[in-house]
Amino acid sequence: MPGSQNNKSVSNDGPNRTDGVLSLRRRFSWTHVREQVIQWILFCCALLSVLTTLSIIYVLITESVYALPPHTAFFQEVSLREFFTETRWTPQYAEEQQHYGILPLVTGTFLITGISAIIGLPVGLLIAVYLSEYASPSARKWVKPVLEILAGIPTVVYGYFAIRFLTPMLIVPIFENWLGMTVYGKNALAGGIVVGLMIIPMVASLSEDVMRSVPNSLRESGYALGSTKFDVSAKIVVPAALSGIFASFLLALSRSIGETMAVAIASAGFANLTLNPLAQIQTMTSYIVDVMTGEVVSGSTVEKSLYAVALVLFIITMIMNLISQWVLSRYREVYQ
Amino acid sequence: MKLGDDNYERRLIWRHRIGQCFEWLCRLATMGALAMLVVLMGSIFSSALSPGRGSGLAPVSLTDTGKNLDTQGDLTYTVSKIIGGDFYFTSDPEEKIKSFSGTDVRGGKVVFNHNGKRAAPVFDLSVSDLSGGKEPIGKFKEVGPGRIPSECPVPHVHPPKPAKPWGWLTWNFLTNGNSDDPLQAGIMAGFWGSVWLIGLTSLMVVPIGVGAALYLEEYAKPTMLTKFIQLNIANLAGVPSIVYGILGFTVFSRMFGAFDKQVTVISMKFLQFLGAKPIDITLPLGPVVLSGACTLALLSLPVVIITSQEALRSIPASLRHAAYALGATKWQTIWHQVLPASLPGILTGVILSLSRAIGEAAPIAVIGVAAHLSFAPGRITGISDLIQNPDKLIRAPFDRFTALPTLVYSWVNEAAPNFEHVAAAGIIVLLATLLMMNGTAILIRQRFQQWNRW
């Protein structure tokens with residue numbers, strides 16, 4: 001807490017300096033006031049993050065759950081029952097045909113997340129094992145920066161890659177020309193693949209960190225018992241780092257749930273309750289972008305639905321982040 | 001050890017093989033990820049450098065001069081000689097054009113496809129009457145850019161805009177504003193919008209982020225409140241950027257809908273001696289640079305705090321103890337010793353997280369930024385313009401804007417052909433900007449590392 005850093009008066013017959021530079025006595029001095037003021041200012045800076053969280057919650061709640069009487073919030077217009085059980089999401093239609101069932105958006109989101117998890121998590125984990133167990137220091141020296149580049153590429157670029165390269169050059173030839181399925185120009189598969197690409201560096205670097213923090217004594221005891229390198233990495237290091245790996249998986253999944261632009265470009269068309277990866281889908285994030293970049297009437301149900309969707313998104317990612325934070329902090333306690 | 005036990009040896013060999021396979025699998029995964037990066041970059045560059053074939057643009061258009069529109073259907077145009085470049089109809093991209101009749105001319109225009117040769121298309125075209133057939137009405141000779149034959153009776157031939165050696169990433173692209181025509185569309189407005197965003201965001205996020213990190217690392221006792229703030233920051237770092245967009249839209253752009261119409265709150269008149277009009281600041285802010293910068297500041301704040309904390313944590317305690325021993329107060333120690341020592345780490349973290357934030361299209365698109373702008377924030381056109389009207393510098397944060405990633409997003413989503421090449425060129429500018437920022441971060445890290453005294 002601020003204000004707890006008072007200068008203790010050490011002794012009464014210390015140097016009685018009155019020029020305000022340093023006083024060992026508890027007496028009024030500008031230096032002391034300045035120190036306190038600075039501490040309070042810094043405390044306010046730190047408190048701003050709490051304020052951000054509170055204002056996110058406030059904004060989402062007032063628009064979706066409860067609004068002061070002259071206005072009505074989303075859930076005062078659409079029942080919770082409809083929101084969670086209705087299978088159609090059609091806010092773009094005329095008033096009487098509008099349905100607000102979040103199920104199609106949630107399926108869309110989890111379809112993308114699922115595809116990205118199938119691609120991103122194993123590859124990321126394998127890269128982490130390679131970097132922490134197999135790679136020579138020189139190889140690690142240039143693989144890590146390249147992974148950082150991969151992580152730093154803006155998501156619109158991945159979206160462009162998906163819709164201009166993956167879909168026409170990879171997905172259409174394989175699934176439509178070869179296997180004879182119907183592929184939409186915007187499909188969940190392309191979006192899922194690029195989101196998977198996006199989470200690879202994240203999984204790799206987080207998992208590598210936890211694997212490297214597994215104490216060497218564990219590896220050495222493995223070798224002493226006659227294990228091969230594969231035994232040590234797959235049966236000792238990975239299980240020992242499992243909780244950290246799990247946390248990195250959760251963080252990556254929460255990132256792919258919240259991923260917006262790549263999905264909006266590559267996959268998002270209309271809300272579609274389907275698990276077909278070759279069809280158009282709509283995710284929670286891309287619905288928000290879709291509506292906000294178009295014309296939206298201020299105060300309409302459509303606008304309020306954005307906040308309701310954002311609230312669901314916020315809660316899901318928040319829970320996943322909290323769990324992974326908890327797992328990571330417990331993991332740190334075990335090995336450090 | 002059972003020598004001579006075949007089973008045991010076979011098991012050993014298999015274990016070895018499995019290990020080898022696993023190692024190669026790991027290598028393959030790494031190589032695959034790196035190869036993906038190469039493919040990604042390759043697809044972008046090849047698209048930006050390709051001149052845009054088969055999409056109906058880079059057109060040759062015949063524009064009617066106003067004479068004899070009715071008789072156009074009776075005319076046959078014969079390409080008598082192609083001197084440079086080939087041309088195809090948009091309707092049938094496979095067939096080379098040798099001749100076309102007036103019925104292909106719609107609204108005085110016929111659109112060809114340019115096959116992608118870099119040279120400016122030059123060709124001879126004779127126009128003949130259907131009835132006469134043999135008698136050419138006029139003849140176009142070696143029509144090149146800007147060389148429209150003076151004696152042509154019916155249409156003018158506008159040769160396609162020549163594809164430049166640098167493909168779509170041309171000087172025009174860098175200096176033009178956005179446009180509906182892919183040949184004219186440029187990135188200038190987006191680039192300056194992003195520059196303003198970077199500047200304003202870092203002005204806000206650096207003092208607040210470093211301040212918060214200082215409090216948490218240097219002052220805070222491990223109380224429940226500190227733990228809560230710490231957890232909260234870690235969580236905020238994982239909140240999807242679109243949620244920050246919604247927050248920025250509601251709080252900064254729309255201001256909770258508290259204002260029914262635009263209300264002028266401040267009217268700055270102090271620059272009037274320069275002949276400037278008073279600068280009115282109206283609320284709600286709307287989709288202006290300032291609301292975008294505030295949104296990005298909130299978005300990047302948690303990451304800046306976390307990286308600054310790490311930088312502060314790497315400063316050895318002996319440095320602080322030495323300063324205290326010399327009688328420095330806490331703040332004197334921080335200001336004169338800890339901050340300068342941790343500056344490279346902090347700056348690197350700040351720049352890296354800012355470059356992440358600048359690449360985010362979602363929050364900027366959500367606060368209501370229009371992509372179809374053709375001016376830089378504040379309508380600043382150049383340095384001379386800025387010297388004449390310094391008030392534009394204050395106007396700019398309150399002006400509408402567009403940013404690099406939002407422009408790219410709008411181009412990628414554009415249905416009109418050839419915008420994919422424009423988008424690719426835009427992506428290269430965006431990546432170059434980010435690369436410049438990251439390069440600065442590396443430079444700072446190397447330059448300041450010499451200062452470290454331990």
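The values are calculated or read from the model by the stated rules, or taken from the named source; none is laboratory data. Just so it is clear, the model here is predicted, and its values are computed rather than measured. Here the Cβ is made from the backbone with ideal geometry for all residues, glycine too, and neighbour counts use every protein chain on show.
Just one residue in the set A:Gly152, A:Gly180 is among the small types (Gly, Ala, Ser) and surrounded by 15 or more Cβ atoms within 10 Å (Cβ to Cβ); that residue is A:Gly152. Each residue in segment A:267-288 was checked for being assigned to a helix (DSSP H, G or I) and out of contact with any Phe, Trp or Tyr (no Cβ under 8 Å at 6 or more places or on another chain), and 4 of them qualify. The residue list A:Arg164, A:Arg219 contains one member that is assigned by TED's automatic domain parsing to the domain that holds A:Val123, surrounded by 15 or more Cβ atoms within 10 Å (Cβ to Cβ), basic (Lys, Arg) and without any contact (Cβ under 8 Å) to a residue 12 or more places away in the chain, which is A:Arg164.
Of the residues A:Leu147, A:Leu80, which is within 27 Å of A:Gly196 (Cα to Cα) and either assigned by TED's automatic domain parsing to the domain that holds A:Leu313 or surrounded by fewer than 19 Cβ atoms within 10 Å (Cβ to Cβ) (or both)? Among A:Leu147, A:Leu80, only A:Leu147 is within 27 Å of A:Gly196 (Cα to Cα) and either assigned by TED's automatic domain parsing to the domain that holds A:Leu313 or surrounded by fewer than 19 Cβ atoms within 10 Å (Cβ to Cβ) (or both).
Every residue, every condition in (1) assigned to a helix (DSSP H, G or I); (2) surrounded by fewer than 18 Cβ atoms within 10 Å (Cβ to Cβ); (3) more than 11 Å from chain B (Cβ to nearest Cβ); (4) among the β-branched types (Val, Ile, Thr), yes or no:
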| site | (1), (2), (3), (4) |
| --- | --- |
| A:Asp290 | yes, no, no, no |
| A:Val302 | yes, yes, yes, yes |
| A:Leu306 | yes, no, no, no |
| A:Val309 | yes, no, no, yes |
| A:Ile315 | yes, yes, no, yes |
| A:Ser324 | yes, no, no, no |
| A:Tyr331 | yes, no, yes, no |
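Filtering segment A:265-288 down to residues that are within 14 Å of another protein chain (Cβ to nearest Cβ) and among the hydrophobic types (A, V, I, L, M, F, W, C), which residue is nearest to B:Pro287 (Cα to Cα)? Looking at residues that are within 14 Å of another protein chain (Cβ to nearest Cβ) and among the hydrophobic types (A, V, I, L, M, F, W, C), I get A:Ile288. Before we move on, is A:Leu147 facing chain B (nearest Cβ under 9 Å) and within 25 Å of the chain's Cα centre (by Cα)? Yes; evaluated as a whole, the condition is true for this residue.
To keep it simple, each residue is scored yes or no on (1) among the hydroxyl-bearing types (Ser, Thr, Tyr); (2) out of contact with any helix residue (DSSP H, G or I) (no Cβ under 6 Å at 6 or more places or on another chain); (3) within 28 Å of B:Ala237 (Cα to Cα); (4) more than 9 Å from chain B (Cβ to nearest Cβ).
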site	(1), (2), (3), (4)
A:His99	no, yes, no, yes
A:Ile115	no, no, yes, yes
A:Gly124	no, no, yes, no
A:Ala135	no, yes, no, no
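Taking the stated definitions as given, is B:Leu203 among the hydrophobic types (A, V, I, L, M, F, W, C), over 28 Å from B:Ala425 (Cα atoms) and either modelled with pLDDT of 75 or more or in contact with a Lys or Arg (Cβ under 9 Å, 6 or more places away or on another chain) (or both)? In short, yes.
For segment A:248-255, check the following and say yes or no: at least one residue is modelled with pLDDT of 90 or more, within 30 Å of A:Ser221 (Cα to Cα) and more than 10 Å from chain B (Cβ to nearest Cβ). Taking every residue of segment A:248-255 in turn, at least one turns out to be modelled with pLDDT of 90 or more, within 30 Å of A:Ser221 (Cα to Cα) and more than 10 Å from chain B (Cβ to nearest Cβ). Selection of first residues in segment B:8-21 that are within 8 Å of another protein chain (Cβ to nearest Cβ) and of second residues that are in a helix (DSSP H, G or I) and of a type in the set (Asp, Glu), restricted to Cβ pairs under 8 Å at least 6 apart or on distinct chains, gives the following pairs, ordered by first then second residue: B:Arg15/A:Asp231; B:Gly19/A:Asp231. Pairs are defined by a Cβ separation below 9 Å, a sequence spacing of at least 6 or placement on different chains, a first member in segment B:169-180 that is farther than 15 Å from B:Ala403 by Cα and without any contact (Cβ under 8 Å) to a residue 40 or more places away in the chain, and a second member that is among the aromatic types (Phe, Trp, Tyr) and surrounded by fewer than 18 Cβ atoms within 10 Å (Cβ to Cβ); no pair meets this definition. Pairs linking a residue in segment B:218-245 that is assigned by TED's automatic domain parsing to the domain that holds B:Glu360 to a residue that is among the acidic types (Asp, Glu), with Cβ atoms under 8 Å and 6 or more positions apart or on different chains, are B:Pro240/A:Glu259; B:Ser241/B:Glu360. Scanning segment A:260-303 for residues that are out of contact with any Asp or Glu (no Cβ under 7 Å at 6 or more places or on another chain) and either without any contact (Cβ under 8 Å) to a residue 12 or more places away in the chain or basic (Lys, Arg) (or both) yields A:Thr293, A:Gly294, A:Glu295, A:Ser298, A:Ser300. Listed by first and then second residue, the pairs linking a residue in segment A:79-96 that is over 14 Å from A:Val296 (Cα atoms) and touching a residue at least 40 places away in the same chain (Cβ under 8 Å) to a residue that is in a loop (DSSP other than H, G, I, E, B) and among the β-branched types (Val, Ile, Thr), with Cβ atoms under 7 Å apart and 6 or more places separating them unless they lie on different chains, are A:Phe83/A:Ile102; A:Trp89/A:Ile102.
All of (1) crowded, with 22+ Cβ neighbours inside 10 Å; (2) at the interface with chain A (Cβ under 10 Å from one of its Cβ atoms); (3) in contact with a Pro (Cβ under 7 Å, 6 or more places away or on another chain); (4) not β-branched (Val, Ile, Thr) hold for B:Leu407 with one exception: (3). Could you please let me know if A:Ser213 is of a type in the set (Ser, Thr, Tyr) and modelled with pLDDT under 90? Judged against the criteria, A:Ser213 is a match.
Please tell me if B:Leu430 is closer than 26 Å to B:Thr170 by Cβ and within 14 Å of the chain's Cα centre (by Cα).
So B:Leu430 fits the description; yes.
Considered as a group, the residues in segment B:309-330 that are in a helix (DSSP H, G or I) and within 11 Å of chain A (Cβ to nearest Cβ) include one that is surrounded by the most Cβ atoms within 10 Å (Cβ to Cβ), and that residue is B:Gln309. Does A:Ile38 satisfy the criteria of being surrounded by 15 or more Cβ atoms within 10 Å (Cβ to Cβ), at the interface with chain B (Cβ under 10 Å from one of its Cβ atoms) and touching a residue at least 60 places away in the same chain (Cβ under 8 Å)? No; evaluated as a whole, the condition is false for this residue.
Counting only helices (runs of 4 or more DSSP H) that fall entirely inside segment B:335-419 and contain at least 3 residues that are of a type outside the set (D, E, K, R), the qualifying elements are B:339-358, B:362-366, B:383-388, B:404-413. Among the residues of segment A:232-241, are any surrounded by 18 or more Cβ atoms within 10 Å (Cβ to Cβ), under 28 Å from B:Ile242 (Cα atoms), among the small types (Gly, Ala, Ser) and more than 10 Å from every other protein chain (Cβ to nearest Cβ)? Within segment A:232-241 (the criterion being surrounded by 18 or more Cβ atoms within 10 Å (Cβ to Cβ), under 28 Å from B:Ile242 (Cα atoms), among the small types (Gly, Ala, Ser) and more than 10 Å from every other protein chain (Cβ to nearest Cβ)), the answer is no, since none of the residues qualifies. Among the residues of this structure, B:Ile351 does not count as one that is over 22 Å from the mean Cα position of the chain (by Cα) and buried (at least 21 other Cβ atoms within 10 Å of the Cβ).
Identify, please: which residue in segment B:305-348 is among the β-branched types (Val, Ile, Thr) and within 31 Å of the chain's Cα centre (by Cα) and is, among those, nearest to B:Met436 (Cα to Cα)?
At the first step, the residues of segment B:305-348 found to be among the β-branched types (Val, Ile, Thr) are B:305-307, B:315, B:329, B:333-334, B:338, B:346, B:348.
Adding the requirement that they be within 31 Å of the chain's Cα centre (by Cα) leaves B:305-307, B:346, B:348.
Numbers: B:Ile305: 23, B:Ile306: 23, B:Thr307: 20, B:Ile346: 18, B:Thr348: 13 Å.
Top of the filtered list is B:Thr348.
Look at (1) surrounded by fewer than 18 Cβ atoms within 10 Å (Cβ to Cβ); (2) free of Cβ contacts under 8 Å to residues at least 60 places away in the same chain; (3) closer than 30 Å to A:Gln282 by Cβ and you find that A:Gly226 fails only one, number (3).
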